[in-house]
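The values are calculated or read from the model by the stated rules, or taken from the named source; none is laboratory data. As the structure is a computational prediction, the values presented were derived from the model and not from experiment. For neighbour counting, all protein chains shown are included, and Cβ atoms are generated from backbone atoms with ideal geometry for every residue, glycine included. Only protein heavy atoms, including side chains, enter the accessible area calculation; ligands, DNA and RNA are left aside. Shrake-Rupley method; radii C 1.70, N 1.55, O 1.52, S 1.80 Å.
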Amino acid sequence: MSAVDATSATEAGHAAPKRRLRQGIASQGAVLIGVIYVILWVVYAAEQPSALSAYSIESLLNNSLPLMLAAAGQTFVVLQGGFDLSVAGIISLSNVLVAVYPVEGPFGALVNLAMVVGVGLAVGATNGILVAYMRIQSIAATLATMIVCQGIALLILKAPGGYVSEFIAYELTGSLFGTVPVAAVIAVAVACIWLAFRRTNTGIALYAVGRDATAAELSGIDVRRTRFAAFCWAGVLYGCAGFMLSAQTSTGNPTAGEPFLLLCFAAVALGGTSFSGGSGGVIGSLIGAATLMLMQKVLFSTGVSSFYTGVFQGVVMIVAVLFAAFVQYMSRSRGNG
Amino acid sequence: MGRDQLLSVTGLAKRYGATVALQSLSMEVAPREVHAILGENGAGKSTLVKILSGVVRPNGGTMRLGGSDYTPHSIVEARRAGVSTAFQELSLLPNLTVAENLLLPNVSGGPLRPSSRGDAIAAARDIFAEFDIDDIDPRWRVEDLSLAEKQRLEITRAFSHKPRLLILDEPTAALPDTTWLFDQIRRLTGDGVAILYISHRLAEVRELCQRATVLRNGVSIGTVDLAGINDDEIFKMMVGRAPEARFPGRAPAAGDRPVVLEGRNLSSGRMRDVSFELRQGEILGVAALEGQGQLELFRALAGLAPATGGDIQVDGSPAALASPHQAMAAGIAYVPEERKVEGVFGGLTAAANVSLPKIGAISRSGILTHAQDAKAIAGPARAVELADRYFGFRMNDLSGGNQQKAVLARALMSGARCLVMFDPTRGVDVGTKQAIYAMMRDFADKGGAILVYSSELPELVNLCDACLVIYGGRVAAEVPRGELSEQYLLTAAHGHVGDEPMKAAS
Amino acid sequence: QDKKKIYLSLSYSGNSWQSEAANIVKALAKTPPYNETVELVEVISGTDPQAQISDYESMIADGADGIISFPISSTALNRVIKRGCEQGVLFFMYDATVTEPCAYNISYITSGFGENTAQALVNALDGKGKIFLSRGVPGNSVDERHTNGAKHIFDQYPGIEVVSEYYSYWDDRTTQQETAKALAAHPDVDGIWAQAGEYGAIEALRQANPDRLVPVTGENSNGFRLALANPEDQAKGLKGVSSGSPPAQSGYAFKLMMEILNGDRELEPMNIQYPLPWVPADAVQLCEGDTFENGCNAFPDGKVPSSFVTEVFNPELLPELSLTSALDGEPTPGATIQPLPADVVVKAPNEPGINCQRCEPPADLYKLTKIEPTVKPGN
Amino acid sequence: MSVEDDMTATDAAAAAADTRGAARIGSEPITIAVIFGITVLLILSSRFISPAFGGWSQTETILFLSSFLVFCSFGQGLVILVRGLDLSIASMITLGGVLTTTWLAGSNDGIWYVIPAILAVSAAIGSISGIGVTVLRIPPFIMTLAMGIIVYSLCLGYTQGTPRGYPAPALADLMRAHVLGVPAPVLLLAVFVAIAVVLQSWTTFGRRLYAVGNNPVAAHVSGLSTRRLTIGAYAISAMCAGFTGIALAAYANGATLRMGDDYLLPSIAAVVVGGSSILGGKGNFLGTVGGAILLTTLGTILAALGIEQGWKTIIEGAVILVALIILRESVYEAIRVWMGRTSAG
Ligand SMILES: Nc1ncnc2c1ncn2[C@@H]1O[C@H](COP(=O)(O)OP(=O)(O)OP(=O)(O)O)[C@@H](O)[C@H]1O
Ligand SMILES: Nc1ncnc2c1ncn2[C@@H]1O[C@H](COP(=O)(O)OP(=O)(O)OP(=O)(O)O)[C@@H](O)[C@H]1O
Ligand SMILES: [Mg+2]
Ligand SMILES: [Mg+2]
């Protein structure tokens, strides 16, 4: 998106005869945000010794997972060169559905999961048709679908309320065998699915379409199908985000998704995915989202005066990105020298 | 004739809104034939290519391939029918690896099957081995390839689909050395492949092709046997008028004039210790094979990648060319190598593209109208033969050659005293090339100075007052006007001066 | 010495109501003897429940004795609150409520704002006319409760026609703009039932027609009270009542919590009702000084902004406070903490989704408490 | 075929001029026409909802209310034009409002330097965002989001949570004044739009912004100071937001800290619905104005509908969607082909 990024890229490309292999670059964003995440953890643990308790870690993960899933979904759309605002609507809608139609037991959880995945897929597919086949700008099309979803959520549930099934509320926010938080398992599973997906034809096509749709078309890629698939994946992941949000809050709220809108873009950006498309990845976004939630903890533990927390928060975001850029710069110049 | 043709096209037409790109095109291509398409910039050649490869659909006409109706709806369908294409505006994805680009759209062997990186690289290596490429690593990102490497990759990708009909749209525009390409083409035709070959270089066309179809203003004028027609006649078919002298006469040597631009011991990237002097009224050529450091020289002078060593003097005083802005301020205008990336504002009109460097001067207290644009660019546009009808076109809707003309016109427009041109006539039609030569000569005669790199040696030999040959990052030879010959430049460019092989710098 | 560690957790800050409520708590915490015995930490979580959950977690981990909070969601925080209770943390919610039974809710919500103001509007309109409903935030349970109460009344009067219903987000400017939109369609409106932001509705009426005002009921902004009492505005047709959410709830909650923590009072977690303020036009009285004295309930123009929420004081429950407490969070010079009256606690009725989860509302949920109908329902 | 035959064909064709026609009509005029067309249709058909609708007074209200969105969308549009996005708009509006009420403190004195000062402060903050984006290469999304959070938090601290004071009475009066029967704010809107259109479409600055947005690399290679231009766009955006804040404070006769929140998404929506590309380099401010007015009209009509909020929201989304479908590129193509045919035939 930045006007100058491109300039610098060509400068660097021509100045350095060194050829880069794709592997390194594609995962670099994730590595950098990972480093920042670890640094924040160190700060947090130093300030707050109880931070490393199993409970504390589990609750932080539970708290982060919905945003992580939402950001993962958003990444698909951003990679193909677009924005998906429907994230807010789909999360609200899923949350409301799970809370208004709870089905008890593990099987019930599956039924609820199927419901939200179905809704996510349906909205995602609608977005896909609007953007890929009817060629409406993604930000505008998804704004409209977001508003419609919010309306439907309000029709289903007028005010916060409803109950989420016990199984979802307790089992999915607990730990497997009392040691591994379920949230961590889900996050790792998403990361693994992504790693496999990235190497499929559709995964590669996603990067191609995001970088240059015309060239992708000329290379034989079905650009429209690729875009459509990206929105579907995104919708499904938003549905899952709504599902996990319901597990965490154990009630429904017709406006539950609203806070996710800007946050999930921030997570994607922090994770090193470029908004002009074609570079970045889901892993970075997962860590980016986790970083944003961790930041809340760090802010708390450092005890900045409440009115000015925002200043701190903003500065940390900027510094995180600058730090990533600095590390990248250092590694590149060392590579050249 | 009709029955045994591989491809036959009749009355093909294509409109874009009010614009007619192809009016009526008819032609036939036989198996094993290398068939040329000739025509001015904007005549409709690339449009034909796009139709044949399934990228755009025609508004009228019929196509038959191998005896059956041929109406491809996508590039994949065209490939399946045995037609594959190397496009004029390269269709590679810079953020993917060479291997991935080569195998697209099916890298992994199934839509949901994750690819093993090793398999893809091995497959790419096999393809490279088959087509004699050994200097590109399949694991590299395409972003980091030179333009010529990208061009070879694009061509190899077209080869790799095992076509019956192979379409090459200006494949040599960015290839300084054509031997590899011609060898491959001969091998493929030997295997029964027919090739549609588009190029503005008549010499090449004559070397490769038996027949040519000439297009003018979207109409096929006819198909000719190249053996029975001379260049002037072809030119007349393409343009509709007789050609002028191919190269303009040269002014007397410029030895006593002041030095406008001087480089002393410049280094940067592959370029090592390059010095030169460019005098007023002089056209100084640069000859080099691909990737010998000439690009670094030009980019340093353009302020794009400032030299890491040595210094640059403008009018005898040191100049810091840290950005293109400063280069412009120092009176240097640059014609970039990669038009699509560095030259063209695709969404703006051609007029806006050309007038850009001068809008400050042509505007009236900051206010600018399209009429002012059109008036201001008339001169430069005429100099490069960019027709008025294109002024209002978005650049993306112009043909490749016309885009190049607009980029050239912009450099002229800038009012610089010193033009630094990297392969300025790339993709430009025969007629316009002459206009551009004349323009350059005229520019120099009026007191300007030009540093020009060209991948076409005859251009350098006939146009330049002197020529630098760069090899291995260093100046291998400085050839004064009297000694300029294609043979000599070629030898020097390969690192042989006086039959003595030179040592490469790095 | 053993200071009590108290966290003040705000959702968002940025309107007068929120900052006044927070300032009251801050001022009380600086008033002797609390200045010696209380360590108060203010945390602003923003509008995202996830953030407030995270902050509650941190506060519990940090060994809080009590958390006084404006909760963002009535339900999403339950789980973390429950865990905090298990660790012995006291949770006091003011104004907004949570449905978790181990938390104390101190709120006016159950005191019938919607039905009482609606009846006041009906009375002012003599039982007929076109009205607007200027509501709060869509999908919010408090807004839902207020509006249901109001509609319960309006539905009894066929002469009352709700011609437009819009969301004003409890904000003056949004109310003004949304009301302006509604006025474009219905310039002939006869009355406006508003929640917080009511002063914007009056501004919109003035903008549309400087010479005509209509009856408006709303909450407690100083601007609204001044307008109600202004004879010029009354002459143009303004009538109404100022009621609604008092920021003073936070002070009450804080003092109650401190009394429990200090062992001065025994009280199981419960829902506590804060009395509904009720100031009709004829009851508006300007304060001379910086506190509510002698029954005054509004400040002269220029002393506070029109968006200032007047119900920051309560001479009975919060005698320690003055204007500087509400505006700057500073204690009133010379004041010391006074104990709450012994029998102060009034139990709030159950309201499903507001202060309890699976519970039955009382049969007389929408009973009028502040006003009698002057027009008979049904015609 | 013999060469001779070809040569005669050549001569014949040589005589004929190039008759292939030139590009005739761009997509922008069509977008603008269509979007205003939809708006007018909406206004006219809203008569079915309320008898007071469909007339000049409703139009006046719509224009008045949309002016705030138009002001801040101009800046947003410029930033989007150079491939950015300005998420700090909400906070900058708040800043404008807060400074107006605190610096003017309800008096007309100093209005002549306070307002320029507010605009200058806004522009300075915008430049910081611009510098972050260009020099430090922070993605615009993060830079402006962070800047927005910072500015908001500074406002919060500066006002200690409660914005006090009033804008100058002169400003409040201006909001209510009528000139020749037209409300002054509507005239202000007209003047603003005129200036903005000239700046974006008819000046060298605007042209350069298009170039930067269209191809930043080529812009750099052509010697444009892409950095300065980009910073300029961000500065103007912040200034427009500050200006919106001043206008809103004058309108509401006071400031609140959340006063900008309602304008962030709508400002982006107005730009994109108005036909600009979110990827930069393409767009026209008149389209944005149409987008802003369309969104406001929709809001006005929905406010008058006596149905549940859920349904209102669904209708809002659906109408936006329909507008987008009508405004699609392929629809212009059809119109252009049709006009090409009729003018050719
Ligand atoms: N998308 C488009 N919209 C409008 N006009 C177009 C479009 N694409 C091509 N044209 C026009 O069609 C005509 C034919 O262009 P084409 O690219 O086929 O020329 P060409 O013969 O390949 O020229 P060159 O030698 O310069 O590559 C040109 O006038 C061009 O401007
Ligand atoms: N697909 C197309 N086919 C033919 N002509 C086209 C096409 N697209 C655009 N044009 C022509 O390009 C011209 C300008 O396009 P565009 O609107 O992108 O530029 P502009 O915004 O007017 O330029 P500027 O940025 O200088 O204001 C129009 O006059 C239109 O006729
Ligand atoms: Mg071409
Ligand atoms: Mg334009």
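Axis of helix D:27-45 versus longest Cα principal axis of chain D: the two differ by about 50°, to the nearest ten degrees. In percent, what relative contact order does segment B:7-239 have, based on Cα pairs under 8 Å that are 6 or more apart in sequence? Relative contact order comes out at 30 percent.
What do the square roots of 5 times the Cα gyration tensor eigenvalues come to for segment B:326-371, in whole Å, largest first, as semi-axes of the equivalent ellipsoid? All intermediate terms of the calculation are to be shown ahead of the outcome.
Details: eigenvalues 89, 56, 8 Å².
The three semi-axes for segment B:326-371 are 21, 17, 6 Å.
Using a probe radius of 1.4 Å on protein heavy atoms only, what is the accessible area buried between chains C and A, both sides summed, to the nearest 100 Å²?
2700 Å²
A straight line joining the Cα centroids of segment A:265-317 and segment D:235-312 runs 27 Å. Mean partner shielding of peptide C:179-191, defined as the number of other chain Cβ atoms within 10 Å of each residue Cβ, is 6.
All Cα-Cα distances of the protein assembly as shown, cut into 20 Å bins from zero to the largest, leave 9, 33, 32, 18, 7, 1 percent in each bin in turn.
On average, how much area does the Cα convex hull of segment D:240-337 cover when viewed from any direction, in nm²?
On the way: hull surface 33.2 nm².
Over every viewing direction, the Cα hull of segment D:240-337 projects on average to 8.3 nm².
Is the shape of segment D:27-344 best called rounded, prolate or oblate, per the rule: a/c under 1.5 gives rounded, else a/b larger than b/c gives prolate, else oblate, with a ≥ b ≥ c the square roots of the Cα gyration tensor eigenvalues? It comes out oblate by the Cα gyration axes. A prolate overall shape is assigned to segment C:12-162, the ratio a/c of its alpha-carbon gyration tensor axes (a ≥ b ≥ c) being 1.5 or greater and a/b exceeding b/c. Derived from the Cα gyration tensor, the three semi-axes of the equivalent ellipsoid of segment B:7-239 are 30, 20, 16 Å, largest first. Applying 1/(1 + (r/R0)^6) with R0 = 41 Å to the Cβ-Cβ distance of B:R113 and C:Q87 gives a FRET efficiency near 0.20.
For segment A:53-336, what does the alpha-carbon gyration tensor say about shape, rounded, prolate or oblate, given a ≥ b ≥ c as the root eigenvalues, a/c under 1.5 as rounded, and a/b over b/c as prolate?
On the way: a/c = 1.60, a/b = 1.11, b/c = 1.44.
The shape class here is oblate.
When each of the peptides C:201-207, B:128-134 is scored by how many other beta carbons lie within 10 Å of its residues on average, the order from highest to lowest is C:201-207, B:128-134. Modelled spin-label separation between D:W311 and D:F36, with each label point placed 7 Å from Cα along the Cα-to-Cβ direction: 3.4 nm. At the listed q of 0.11, 0.12 Å⁻¹, the Debye profile of chain B, built from one uniform point per Cα, gives log10 I(q)/I(0) equal to -0.99, -1.18.
A Gaussian network model of chain A, with springs between Cα atoms under 10 Å, assigns the largest mean-square fluctuation among A:S59, A:S86, A:S279 to A:S59. Among residues other than B:D373 with Cβ under 10 Å from its Cβ, the summed charge is +3 (Lys and Arg +1, Asp and Glu -1).
Compute for chains C and D the buried accessible surface, both sides summed, probe 1.4 Å, and express it in Å² to the nearest 100.
Details: alone 15260 and 17430 Å², together 29780 Å².
When C and D are taken together, about 2900 Å² of accessible area is lost.
Beyond 40 Å, what share of the Cα-Cα pairs of chain C is found? Please give it as a whole percent. All intermediate terms of the calculation are to be shown ahead of the outcome.
Values: 9387 of 71631 pairs.
I get 13 percent for the Cα pairs in chain C exceeding 40 Å.
The per residue volume of the convex hull around the alpha-carbon atoms of segment B:115-234 is 139 Å³. Taken across both chains, chains D and A shield about 4500 Å² of accessible surface from a 1.4 Å probe. Would you look at the GNM of chain A, springs on alpha carbons closer than 10 Å, and say which of A:Y101, A:Y207, A:Y238 moves the most? It is A:Y101.
Label positions at C:K30 and B:V56, each projected 7 Å from the Cα along the C-beta direction, are separated by 7.3 nm.
Counting only heavy atoms of the protein chains, get the accessible area per residue of the protein assembly as shown (1.4 Å probe) and round it to a whole Å² value. Spell out each step's value before the answer.
Details: 53780 Å² over 1567 residues.
Using a 1.4 Å probe on heavy atoms only, each residue of the protein assembly as shown averages 34 Å².
Of the solvent-accessible surface of segment C:204-335, computed with a 1.4 Å probe over protein heavy atoms with every protein chain present, carbon and sulfur atoms account for 48 percent.
Relative to the present Cα-Cα distance, how much length would full extension add between B:N462 and B:A438 at 0.36 nm per residue of separation? Before the final figure, lay out the partial values.
Working: separation 24, 0.36 × 24 = 8.64 nm, distance 1.17 nm.
Net length gain for the segment: 7.5 nm.
What does the net charge come to around A:K297 if you take all other residues with beta carbon closer than 10 Å to its beta carbon, with K and R at +1 and D and E at -1?
Values: positive: none; negative: A:E47, C:D55, C:E57.
Around A:K297, the surrounding residues sum to -3.
Threshold 10 Å², probe 1.4 Å: give the residues of segment B:101-126, in number order, that are less accessible with all protein chains present than with their chain alone. Residues shielded by partner chains are B:L104, B:P105, B:V107, B:S108, B:P111, B:L112, B:P114, B:S115, B:R117. The Rg/Rh ratio of segment A:149-278, with Rg taken over Cα atoms and Rh as the Kirkwood radius over Cα pairs, comes to 1.05.
Of the accessible area of segment A:53-336, with the probe set at 1.4 angstrom, what percent is carbon plus sulfur? Let's see the in-between values first.
On the way: 5990 of 8840 Å².
The computed percentage sits at 68.
Listed by chain and number, the aspartates and glutamates whose alpha-carbon sits under 13 Å from that of C:K3, ignoring those within fewer than 8 places in the same chain, are C:E36, C:E39, C:D65. Taking 1 over the mean of 1/r across every pair of different Cα atoms in segment B:349-413, what Kirkwood radius in Å do you get? Hydrodynamic radius (Kirkwood, Cα pairs) of segment B:349-413 is 11.4 Å. Our estimate of slack between B:S485 and B:D137, defined as 0.36 nm per intervening residue step minus the Cα-Cα distance, is 121.8 nm.
Each residue of segment A:94-176 gets 108 Å³ once the volume of the Cα convex hull is shared out per residue. Counting only protein heavy atoms and a probe of 1.4 Å, the accessible surface of segment B:7-239 is 50% carbon and sulfur.
Using a 10 Å cut-off on Cβ to Cβ distances, tally the other chain neighbours for every residue of C:55-61 and report the average as a whole number. Please list the in-between numbers first.
Working: counts 4, 1, 9, 13, 1, 4, 11.
Across C:55-61, the average partner-chain Cβ count within 10 Å equals 6.
Among residues other than B:H35 with Cβ under 10 Å from its Cβ, the summed charge is -1 (Lys and Arg +1, Asp and Glu -1).
Taking amide H as placed 1.01 Å from N in the peptide plane, the amide H of B:Y471 sits under 5 Å from that of B:A476, each at least 5 places away or on another chain. Taking 0.36 nm per residue of separation and subtracting the current Cα-Cα distance, fully stretching the chain between B:F247 and B:T179 would add 21.9 nm. P(r) tail for segment D:57-128: Cα pairs beyond 19 Å make up 48% of the total.
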